[in-house]
Number of protein chains: 2
Amino acid sequence: MQEAKTIDYNEKQVQIIETAERLFAAKGFEGTSVRDIAQEAGINIAMISYYFGSKEKLIEAIFAYRISYTRLTILNVINDEAMSPTEKLERIIDSYIDKMMKNQCFYRLMAQERSILEVQNISELIYDSKARNMEMVKKILQEGQKKGEFRKNIDVALLMATMIGTSNHFTSSQAFYRRYNNLKDMSDEDFQKYLKKKLGTYLKTLFKSLLTVQ
Amino acid sequence: MQEAKTIDYNEKQVQIIETAERLFAAKGFEGTSVRDIAQEAGINIAMISYYFGSKEKLIEAIFAYRISYTRLTILNVINDEAMSPTEKLERIIDSYIDKMMKNQCFYRLMAQERSILEVQNISELIYDSKARNMEMVKKILQEGQKKGEFRKNIDVALLMATMIGTSNHFTSSQAFYRRYNNLKDMSDEDFQKYLKKKLGTYLKTLFKSLLTVQ
DNA sequence: TAATTTTAAACAAACGTTTAATTAAATTTA
DNA sequence: TAAATTTAATTAAACGTTTGTTTAAAATTA
């Protein structure tokens, strides 16, 4: 048995993690049994305890697994002298949307955990990652304000809530959106591309009109 | 036993509904047992089946109960000739935030159901309520565009996603916000007021800068 | 051979629901 | 009004399943 925090998972472990992630996202953590996971992943039930210790530790492993490789991208952007603050923010929006659309299951799972109050271990993981992202966006905002590009009195947490909240809500209710706008003839792939484009353009417009000094 | 759709619930039924709502919000639907609910509400387990038929039908009753009385407010606003489109939108923002802050448990529950894919009966309920709200906001937008007050090419669904998504994310991560901004000395009541004020001001600024024609 | 992985079976605990008996309330009858 | 009857509400106990986890043996790999 391996420690949940270790990020070196073997093939079988990754297979379990990704299957569990998909099922948890679709039916919720408590709504998914370890037997569901075992069957879907084509492994024996005991393997879950064997590799992860428990169902609880499995979901912690999922979060550690996804968060650890979600982190990097912002770091490169922030110190790029050639980019304006506006461009940096646009890059962050793009990369956030990209990650979210590619990992819809995981973001669904995060939204579930966020809405449930009684989760301790995972909250800690999310807190750190969130605080780190927040600090970086804050720096970009301050840089823009210093250059007279952005208006002042902007709450970073609210700005982040807009980016994350709008994106999450929009993708979570994509079934609604598709039905409401009669887009059922579009292929799944095209629809995803359509959502991504639409959301990206919108958020950039939104940020620009909110932040720009008139 | 009464039909779940009926809105005439007696005292005891309301007590069960409100207890269940609170527990579902805190621990999730599958994470809450009927025994939890019975104990917390101070009733016998069998009363849940007796009054609602099943745990599944109980959560449907919660949604019917809350949605039925959440509806009204927008209707009065839309046909008020004395209000400008901008004022109407501001009123909608205020009344949405007010409802959400007063019924945080229910909104938490809605967010949970939204993130879980496999819920049919409830999705239908939400769809109707959502489509209705969307149509009304659409009308206000069109009125504002006609009067030259609002810019064109605004997707109503995305605008709603911003209002709902930002609000939900912000309140869902209020624990984070409190910790991040060192506000733990503030009383719970004051903190809620603070959040409400902050969110309202922000969303109005956001809407105004996005919609206003420059 | 020794260590690791995989298996089927078993575990007790918890689950949602139902039962059948009892109490309380409402209605009807005298 | 009082008693009798019917309906509704409440209870503790039991139901069969399903739950997450463990076991000890078998198979595989090193």
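Among the listed residues B:Leu89, B:Leu23, which satisfies the condition of being in a helix (DSSP H, G or I), touching a residue at least 12 places away in the same chain (Cβ under 8 Å) and either among the acidic types (Asp, Glu) or touching a Ser or Thr at 6+ places or on another chain (Cβ under 8 Å) (or both)?
So the residue among B:Leu89, B:Leu23 that is in a helix (DSSP H, G or I), touching a residue at least 12 places away in the same chain (Cβ under 8 Å) and either among the acidic types (Asp, Glu) or touching a Ser or Thr at 6+ places or on another chain (Cβ under 8 Å) (or both) is B:Leu23.
Can you pull out the residues in region B:36-58 that are within 9 Å of DNA strand D (Cβ to nearest atom) and either within 14 Å of chain A (Cβ to nearest Cβ) or surrounded by fewer than 18 Cβ atoms within 10 Å (Cβ to Cβ) (or both)?
B:Gly42, B:Ile43, B:Asn44, B:Ile45, B:Ala46, B:Met47, B:Ser49, B:Tyr50
Can you find even one residue in region B:27-49 that is part of a helix (DSSP H, G or I), within 16 Å of DNA strand C (Cβ to nearest atom), touching an Asp or Glu at 6+ places or on another chain (Cβ under 6 Å) and over 30 Å from B:Val137 (Cα atoms)?
Yes, that holds for at least one residue.
Could you tell me which residue of region B:93-119 is most open to solvent (accessible area, probe 1.4 Å), considering only residues that are within 11 Å of another protein chain (Cβ to nearest Cβ) and outside any helix (DSSP H, G or I)?
In this case the residue turns out to be B:Glu118.
Of all residues in region B:120-157, how many are within 11 Å of chain A (Cβ to nearest Cβ), surrounded by 15 or more Cβ atoms within 10 Å (Cβ to Cβ) and outside any helix (DSSP H, G or I)?
So the count comes out to 3.
Residues checked against (1) closer than 30 Å to B:Gly31 by Cβ; (2) out of contact with any helix residue (DSSP H, G or I) (no Cβ under 9 Å at 6 or more places or on another chain); (3) modelled with pLDDT of 95 or more:
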position: A:Gln39; (1), (2), (3): yes, yes, yes
position: A:Leu58; (1), (2), (3): yes, no, yes
position: A:Glu113; (1), (2), (3): yes, no, no
position: A:Met134; (1), (2), (3): yes, no, no
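If you check every pair at least six apart or on different chains, which have Cβ atoms under 9 Å apart with a residue in region A:131-145 that is within 10 Å of A:Ala157 (Cα to Cα) first and a residue that is open to solvent by 50 Å² or more (accessible area, probe 1.4 Å) second?
Note: pairs meeting the criteria are A:Ala131/B:Arg179.
Evaluate region A:176-190: report whether one residue or more is assigned to a loop (DSSP other than H, G, I, E, B), within 12 Å of chain B (Cβ to nearest Cβ) and over 28 Å from B:Lys196 (Cβ atoms). If you could, list the steps in order and put the result at the bottom.
Narrowing region A:176-190 to residues assigned to a loop (DSSP other than H, G, I, E, B): A:181-187.
Narrowing further to those that are within 12 Å of chain B (Cβ to nearest Cβ): A:181, A:183.
This time we only want the ones that are over 28 Å from B:Lys196 (Cβ atoms), so: A:181, A:183.
Yes, region A:176-190 contains at least one residue that is assigned to a loop (DSSP other than H, G, I, E, B), within 12 Å of chain B (Cβ to nearest Cβ) and over 28 Å from B:Lys196 (Cβ atoms).
The values are calculated or read from the model by the stated rules, or taken from the named source; none is laboratory data. For clarity, every value in this text was computed on a predicted model and none was experimentally measured. Positions of Cβ are backbone-derived with ideal geometry, glycine not excepted, and every protein chain shown enters the neighbour counts. The area values use the complete protein model at the heavy-atom level, side chains included, leaving out ligands, DNA and RNA. Shrake-Rupley method; radii C 1.70, N 1.55, O 1.52, S 1.80 Å.
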